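Following: one structure in structure tokens, then a few remarks.
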There are 2 protein chains.
Amino acid sequence: MSGRAAGQGPLSGVKVLDLTAVVVGPACTLTLAEQGAQVIKLEAPEGDLLRKLGGPAPSPDMSPKFIHFNRGKRSIAVDLKTAAGRGVLARLAEQADVLVTNMRGGALERLGITWEALRPRNPRLVFCVIAGFGRRGRHHDSPAYDTIIQGMSGFAAALGRVLGAPRFAPFVLCDHITGIIASQAITAALYARERSGEGQAIEVPMYESMAHFVLTEHMFRRTFDPKGPTGDPRVMNPDAKPIPTKDGYIAVSANTDAQAFAFFAAIGRPELQDDPRFNSVAARFRNVDAYFTLRAEALRSRTTAEWAAEFRRREIPAMPYATIEGLLEDPHLWETGLLRREVHPTEGAMTGLGRPVTFSAAGPDALPLAPRLSADAAAVLAEAGYTEAEIAALLGGAVVPPPA
Amino acid sequence: MSGRAAGQGPLSGVKVLDLTAVVVGPACTLTLAEQGAQVIKLEAPEGDLLRKLGGPAPSPDMSPKFIHFNRGKRSIAVDLKTAAGRGVLARLAEQADVLVTNMRGGALERLGITWEALRPRNPRLVFCVIAGFGRRGRHHDSPAYDTIIQGMSGFAAALGRVLGAPRFAPFVLCDHITGIIASQAITAALYARERSGEGQAIEVPMYESMAHFVLTEHMFRRTFDPKGPTGDPRVMNPDAKPIPTKDGYIAVSANTDAQAFAFFAAIGRPELQDDPRFNSVAARFRNVDAYFTLRAEALRSRTTAEWAAEFRRREIPAMPYATIEGLLEDPHLWETGLLRREVHPTEGAMTGLGRPVTFSAAGPDALPLAPRLSADAAAVLAEAGYTEAEIAALLGGAVVPPPA
């Protein structure tokens, strides 16, 4: 950890023991860290798989994806196959406000990391398991990874409905969203603890969380009719995409009557506001194919900037489409601090990400950058009450491998 | 509201005044309601646009999407164009723990709904604005809707990278994810309030939140090199999809060496574990195209069930792909209570959704179903301290339209 200011924010002072890896857990604890929690990332001696799986970096174990998901955290590597390693884990768990893990149930029991085991010594602990599947259902022992959950929970099916064959969204989408959901559940349990004095156990199942996400949107008519269609046709329409202009693309959102009628005027077709296919929200919903086709055909005559100005003048919601490279060049993101130039102690000059949410009672977001493997081992052990001699012994052996 | 049990959970007792509509705000307050918060949904006299925009239902203003995003909430319609309506709003805001809105800044100021105005009378209020864009950046006044943010923030671009032309994900994805992010931020501010005694103002900008989501995953090499490539090739690979079998599709996730080597054995190609293209995590990352192609070619010979059994035996993470209809038939989701048969007071028999997350200190999730427009007007006004005569006057005029 660098010498920069520790995290500030609404979760300031909360100690999180983070036994997670790859994306679902790190996305969860990133949110907590961004809001001021002290996150101790306990890694296996070989380190979080994402260190290598997330793309090349100056150092071989500091992938860009790892860097972005792990800023503001501290790292200690511990070999949990040793009794001494499990002792370190137990001591850190006793002192934590939150323990979060995405290890499978069997592995947790073998390590003694269950709420039942920890609760007597730390009754204020919020114990969160991010599971693949809820324990009350038949899949509870099945493996869960992002693409497996995308395939099962309807994300791949929704894209398949549009594209003709199922496909995964080009994100670690279910991990990432479930991680955010878990951060909220943990925060809610911390709130409840302030009132009850007691921690609790939370289970955040990826599959149910993502089925909930998909079905709120796409249960559609089958909500009421067991034979009715699923899938909201408005968002599953093949033309639900940025609209090509003369020189690029623009995204237009004209949902209310006022917006749709202004759009008809902007494209020189004011008479369409009296067309029974398009003259109300419900009519445009019923004729969404024709509405989207009409929109797509209308915009090829002018440039993105010309349409953007025209739509702004008429108060029609629209903004130019951006590539990922374009996104990184949007001055707005630099003005708001979402993007910033940083210098990582080992990786050098880099573009970093700030906290998107602002809190009036929190200062600016100035977290340290993501840690090298076990970079904070000695500091974490000292805070946990280990003596200098004990720390030297742990770091000298194979229990807590020294920093890379 | 039906006579069923009020919400239980970690946010039990929290009063939320919900001035949101469509998806981003309702997704936020759904999470809060599921965890026990009392959510009062204050709607315009014509009701939340999602009542009609979210698909057909037995009643014309109870779309399935509205139903799923608004369970556990109570509704009161108030005409905020009248002084009396603004008086109702002010009184409800004085008594709330949380006020959340996605109205634009100018509209809020005209209604007197700003943190500066409310704070003196309710210093414990958590005031959350879900904005399109953060106030410190140049887009702060621009319109924001889900597809506009998908187009700007790299979601459409990431799909475009895979498909050849940008397209929106077939979900109200940015609204939905930002709503979950906002629920976490609000919960964190409630936690902080328990310690400081004071509320605070929160700004959750959709654009920055979604740029953060996309760039954690896809800033990639450009993190370190201003000319380097963006986009994680592993998830942007054109073959990142469920793999066709003899009779369907299966999702396979073989990331570690042990999993990948077991997969090579399962498909009868054990020698590939010594192939320099595939013999390590880093090697498979470099040769992800060849790895995915090889996987896709291998599975056509057997059925999904045969492969699922084979992979289970070898501890290779894999699960069958499901359509949205298939998802609704998975017994696991009924066993865990995520899916349940319900009877809505006006819409009749329906399939409802439960809370995916479980809390050990909370009882079962048994929330009332989504309200008809203004169904709870009288009860909400009575709780706010209005007399019977005042309530009758408000309901008799145009300020608080009577229930549909």
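Under a GNM of chain A (C-alpha, springs under 10 Å), which listed residue has the highest mean-square fluctuation: A:D141, A:D18, A:D275?
The residue that fluctuates most here is A:D275.
Could you tell me the relative contact order of segment B:243-320? Use alpha-carbon pairs under 8 Å, at least six residues apart, and round to a whole percent. Kindly include the intermediate steps, with their values, before the conclusion.
On the way: 100 pairs, mean separation 37.0, N = 78.
In percent, rounded to a whole number, it is 47.
Taking just the C-alpha trace of segment A:1-152, give me its Rg and Dmax in Å.
For segment A:1-152, the Cα-based Rg and Dmax read 15.7, 49 Å.
Can you give the average number of partner chain beta-carbon atoms within 10 Å of each beta-carbon in peptide A:64-73, as a whole number?
Going residue by residue through A:64-73 and averaging, the value is 4.
Taking K and R as +1 and D and E as -1, what net charge do the other residues with C-beta under 11 Å from the C-beta of A:L294 add up to? Intermediate results must be reported in sequence, preceding the final value.
Details: positive: A:R269, A:R277, A:R284, A:R295; negative: A:D239, A:D275, A:D289, A:E297.
Net charge around A:L294: 0.
From the residues B:G132, B:L272, B:G54, which one has its Cα farthest along the dipole of the protein assembly as shown in the positive direction, the dipole being from +1 and -1 charges on Cβ of Lys/Arg and Asp/Glu about the Cα centre?
B:L272
Which loop-located GluC sites (Glu not before Pro) does segment A:1-86 contain, where loop means any DSSP state but H, G, I, E or B and the Cβ has at most 16 other Cβ atoms within 10 Å?
Working: sites: A:E34, A:E43, A:E46; in loops: A:E46.
Those that pass, being in a loop and sparsely packed, are A:E46.
Calculate the translational D of segment B:258-404 in whole µm² s⁻¹ from Stokes-Einstein, where the hydrodynamic radius comes from the Kirkwood formula applied to all Cα pairs, the temperature is 25 °C and the viscosity 0.890 mPa s.
On the way: Rh = 21.2 Å.
This corresponds to a translational diffusion coefficient of 116 µm²/s.
Taking θ as phi - 60°, what are the ³J(HN,Hα) couplings along segment B:139-148 by the Karplus curve (6.51, -1.76, 1.60), each to the nearest whole Hz, with x for Gly and Pro?
7, 4, 9, 7, x, 9, 10, 3, 5, 5
Taking 56 Å as R0, compute the FRET efficiency from the Cβ-Cβ separation of B:V281 and B:A398 and round it to 0.05.
0.30
Take B:A366 and B:R121, extend 7 Å from each Cα along the Cα→Cβ direction, and tell me the distance between the two endpoints in nm.
Roughly 3.8 nm, to one decimal.
Any idea what the B:G268 label distances to the other copies are, label 7 Å down the Cα→Cβ vector, nm, shortest first?
6.4
Gain in length, A:R104 to A:A296, computed as 0.36 nm per residue apart minus the alpha-carbon separation, to one decimal in nm? If you can, show how the numbers build up before the last one.
Working: separation 192, 0.36 × 192 = 69.12 nm, distance 4.80 nm.
Contour length minus the Cα-Cα distance gives 64.3 nm.
If you put +1 on each Lys and Arg Cβ and -1 on each Asp and Glu Cβ, how big is the dipole of the protein assembly as shown around its Cα centre, in Debye rounded to 20?
Once rounded to the nearest 20, the dipole reads 340 debye.
How many partner chain Cβ atoms sit within 10 Å of a residue's Cβ in peptide A:198-204, on average, as a whole number?
Taking the mean over all residues of the peptide, I get 4.
Mind checking the dipole of chain A: about its Cα centre, +1 per Lys or Arg Cβ, -1 per Asp or Glu Cβ, Debye to the nearest 20?
Value, rounded to 20: 600 debye.
Please list the equivalent ellipsoid semi-axes of chain A, computed as the square roots of five times the alpha-carbon gyration tensor eigenvalues, in descending order and whole angstrom.
46, 26, 19
For Cα pairs less than 8 Å apart in space and 6+ apart in sequence, what is the mean separation divided by the residue count of chain B, i.e. the relative contact order in percent?
21 percent
State to the nearest 20 debye the size of the charge dipole of segment B:243-320 about its Cα centre, where the only charges are +1 on K and R beta carbons and -1 on D and E beta carbons. Show your work: numbers first, answer last.
On the way: 11 positive and 10 negative charges, 25 e Å.
In debye, rounded to 20, segment B:243-320 gives about 120.
Using Cα-Cα distances under 8 Å and only pairs 6 or more residues apart, what relative contact order does segment B:234-387 have, in percent?
21 percent
Hey, got the Cα dimensions of segment A:243-320 along the principal axes, in Å, largest first?
Cα extents, longest axis first: 32, 22, 18 Å.
Within the set of other residues whose C-beta is less than 9 Å from the C-beta of B:V281, count the net charge using Lys and Arg as +1 and Asp and Glu as -1. Walk me through the intermediate numbers first.
On the way: positive: A:K52, B:R284; negative: B:D257.
After counting each charged neighbour, the total is +1.
Taking every pair of alpha-carbon atoms in segment A:173-220, give the share separated by more than 18 Å as a whole percent.
Details: 464 of 1128 pairs.
That fraction is 41 percent.
Can you list, shortest first in nanometers, how far A:G105 lies from the same residue in the other copies, with each label 7 Å from Cα toward Cβ?
A:G105 label point versus its equivalents elsewhere: 5.0 nm.
Kirkwood hydrodynamic radius, segment B:95-201, all distinct C-alpha pairs: what's the number in Å?
15.6 Å
If you take the charge dipole of the protein assembly as shown about its Cα centre, with +1 on Lys and Arg Cβ and -1 on Asp and Glu Cβ, which of B:A107, A:V380, B:P123 is farthest toward its positive end?
It is B:A107, whose Cα lies furthest towards the positive end.
Report, for B:G228, each distance to the same residue's label point in the other copies, shortest first and in nm; define the point 7 Å along Cα→Cβ.
Computed spacing set for this position: 5.0 nm.
By how many degrees, between 0 and 90 and to the nearest 10, does the Cα long axis of helix A:83-95 differ from the longest principal axis of chain A?
Compared with the principal axis, the helix lies near 60 degrees.
Can you tell me the 0 to 90 degree angle between the C-alpha axis of helix B:173-196 and the longest principal axis of chain B, rounded to 10?
Relative to chain B, helix B:173-196 is tipped by roughly 60 degrees.
Can you pull a Stokes-Einstein diffusion coefficient for the protein assembly as shown at 20 °C (1.002 mPa s), Rh from Kirkwood over Cα pairs, as a whole number of µm²/s?
Approximately 79 µm²/s, per Stokes-Einstein.
For a label point 7 Å from the Cα of A:D257 along Cα→C-beta, name the residues of segment B:64-99 whose backbone N is under 20 Å from it.
What the label zone holds, given the 20 Å backbone N cut-off, is B:78-82.
Per the helix-only calculation at 222 nm, which mean residue ellipticity applies to the protein assembly as shown, given -39500 (n - 2.57) for every DSSP H run of n ≥ 4 and division by its residues, nearest 500 deg cm²/dmol?
-11500 deg cm²/dmol, from helical runs alone.
Throughout, read-outs are computed from the coordinates displayed, never taken from laboratory work. None of the values given here were measured: they were computed from a predicted structure. Every residue, glycine among them, receives a Cβ derived from its backbone with ideal geometry; neighbour counts consider all protein chains shown.
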